[in-house]
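Input: a single structure, listed below in structure tokens.
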Amino acid sequence: MSKKIVVLGAGTGGTIVANNLRRHLPAEWEITVIDRDDNHIYQPGLLFVPFGLQKSKTLTRSRKKYILPGIDFVIDEITNINPEKREVKSKNHTFTYDFLVIATGCKIAPEENDGLMDAWGKNAFSFYTIESAELLRQQLKEFKGGKLVMNIAELPFKCPVAPIEFVFMADWFCRKKGIREKTEIELVTPLAGAFTKPKASAVFTESAKSKNIKISTSFELSSVNGKERYIESVKGDRIKYDTLVIVPTTIGDEVISKSGIDDSIGYVPTHQNTLKALKHDRVYVIGDATNVPTSKAGSVAHYEADVVVFNIMAEIHGVKPEEIYDGHSTCFIVYSKGTSSLIDFNYRIEPLPGKFPVPKLGPFTLLHETKMNWYGKLGFEWLYWNVLLAGRHLGAPPTLVMAGKHVG
Ligand SMILES: Cc1cc2nc3c(=O)[nH]c(=O)nc-3n(C[C@H](O)[C@H](O)[C@H](O)COP(=O)(O)OP(=O)(O)OC[C@H]3O[C@@H](n4cnc5c(N)ncnc54)[C@H](O)[C@@H]3O)c2cc1C
């Protein structure tokens, strides 16, 4: 009898889940991971590239190096997923499986936004890919003041705190350059507040106010006019800019929609607690490729990996998958070079103040700007490459822990 697990995508979620499965399953289980290239990018580092605090070439490493021996790593474009036949096709191969893990992530699609491509690289920029972050770095290097607008085109998008971090860092950057007085900074978002969760949103809004950053909410982007330098909402409101930084429309990979297993915007309908595909047996989904209502974040993919491994192993042993995952997400929010905040929440519990990960001791402080949190953000990169990707964890459960949090 064949015993095959195929993992689609070798980014954060795919790498962690494949390594974790390899640690737990005997060698008779073949594990195959497929990705289109061998370039694993540490995406949180992209935030620092425009400000000259991180070099983009240091963010990319070989995927193969982080995939454990005993796992087949195939570099190829995945072209079709057929859950009925339990078969995956790539350009050059056909794979069959007993269990499939979809970890194909999501990506920005600037071509989906009216007018954006005409302004792209001229006065409209992003930092969600290496190429766009590099272009923005050049732009900010030459920036002499004016109106800097950070816009989120549409929901959902990857890493919901990144645009807030960007405007906070832009404030720090312009102060350092001595051009803050000549610069207006504005965050324009389709959300009702600065962030998806109201309490954290109120804290971030206060911080933005103290930094003289304007936040315009409930702005649904209709088009970008690069010639006259404004963005227009579906209601017809216009916001002028000199330099636009945008998170364009974000979509799941085409292979999901082309295979007919999507929710109409390229994500796989997924049970929010078991992480099993809602419509397909023996298929699990992890990370940005799911449609579960939590952040599209690396921490989420990491917590989810534990649950996916648990449930695949449960199914192998003839036991039903358990409803374990609670939407747990943990994110640093950089406030400036040298300070950061931190939030920890799940589907139901909003970010709360307190200490993390050790109650009372921390060393990190939740919902508060500290120097120690900044060191945590910097140290996380090392942890990512050396501990987390290997499918190891630090003994903490994948679900939210209330100890250390201040309620009420
Ligand atoms: C600017 C920025 C800042 C961020 N900051 C943070 C942060 O501070 N904290 C945090 O937790 N998260 C952060 N994130 C988000 C985090 O990086 C992602 O949520 C995480 O990488 C998701 O993991 P994933 O495995 O779902 O997707 P990915 O890591 O993107 O991996 C998906 C993989 O699938 C492959 N793939 C897709 N389709 C195909 C196909 N058809 N054929 C072959 N291969 C395919 C891709 O090549 C890719 O390698 C940030 C992201 C950005 C862009």
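Every read-out reported here was derived from the displayed coordinates using simple, explicitly stated rules and does not represent laboratory data. Nothing here was measured: the structure is a model prediction, and the numbers come from that model. Backbone-built Cβ (ideal geometry, glycine too); neighbour counts: all protein chains shown.
Points to keep in mind about this one:
- Isotropic mean projected area of the C-alpha convex hull, the stretch 67-144 (nm²): 8.6 nm²
- Peptides 294-303, 263-272 ordered by packing proxy, namely the average of other Cβ atoms within 10 Å per residue, highest first: 294-303, 263-272.
- Cα-based shape type of the stretch 108-250, given that a ≥ b ≥ c are square roots of the gyration tensor eigenvalues and the cut on a/c is 1.5: rounded
- Cα extents of the chain along the three principal axes, largest first (Å): 69, 50, 38
- Gly327 long-range amide H proximity, modeled H, under 5 Å: Tyr347
- Legend: ranking of residues Lys355, Lys371 from fewest to most surrounding C-beta atoms inside 10 Å; resulting order Lys371, Lys355.
- Where only DSSP H runs of four or more residues are counted, the chain gives -7500 deg cm²/dmol as its mean residue ellipticity at 222 nm, each run worth -39500 (n - 2.57).
- Likely footprinting exposure, Phe310, Phe364, fewest C-beta neighbours within 10 Å first: Phe310, Phe364
- Residues with amide H under 5 Å from that of Lys296, placed H, sequence gap 5 or more: Cys159
- For Val33, the residues 5 or more places off, or on other chains, whose built amide H falls under 5 Å of its own are Val7, Asp72, Phe73, Val74.
- Distance-filtered residues of the stretch 29-49 - backbone nitrogen under 20 Å, label point 7 angstrom along Leu383 Cα→Cβ: 41-48
- Fraction of beta bridges assigned by DSSP in the stretch 7-118 that are antiparallel (%, nearest 5): 55 percent
- Sorted by Cβ neighbour density within 10 Å, fewest at the top, the residues Asp288, Asp38: Asp38, Asp288
- Taking every Cα-Cα distance in the stretch 240-382 and sorting them into 10 Å bins starting at zero, the pair-distance distribution P(r) comes out as 11, 30, 30, 22, 6, 1 percent.
- Listed by chain and number, the lysines whose C-alpha is less than 28 Å from the C-alpha of Lys64, apart from same-chain residues fewer than 8 away, are Lys3, Lys4, Lys55, Lys89, Lys91, Lys107, Lys158, Lys258, Lys276, Lys296, Lys377.
- Per-residue HN-Hα couplings for the stretch 320-335 [Karplus 6.51, -1.76, 1.60; θ = phi - 60°; Hz; x = Gly/Pro]: 5, x, 9, 8, 9, 5, 10, x, 4, 8, 10, 9, 6, 10, 6, 9
- When DSSP beta bridges are restricted to pairs lying wholly in the chain, around 50% turn out antiparallel.
- The share of alpha-carbon pairs in the stretch 169-296 lying farther apart than 27 Å comes to 40%.
- Normalised per residue, the volume of the convex hull around the Cα set of the stretch 329-388 (Å³): 83 Å³
- Spin-label zone in the stretch 110-125 - amide nitrogen under 19 Å from a point set 7 Å from the Cα of Ile265 along the C-beta vector: 110-116
- The stretch 218-231 - phi-based ³J(HN,Hα) in whole Hz, Karplus 6.51/-1.76/1.60, Gly and Pro as x: 6, 9, 8, 5, 9, 7, 10, 10, x, 5, 9, 6, 8, 10
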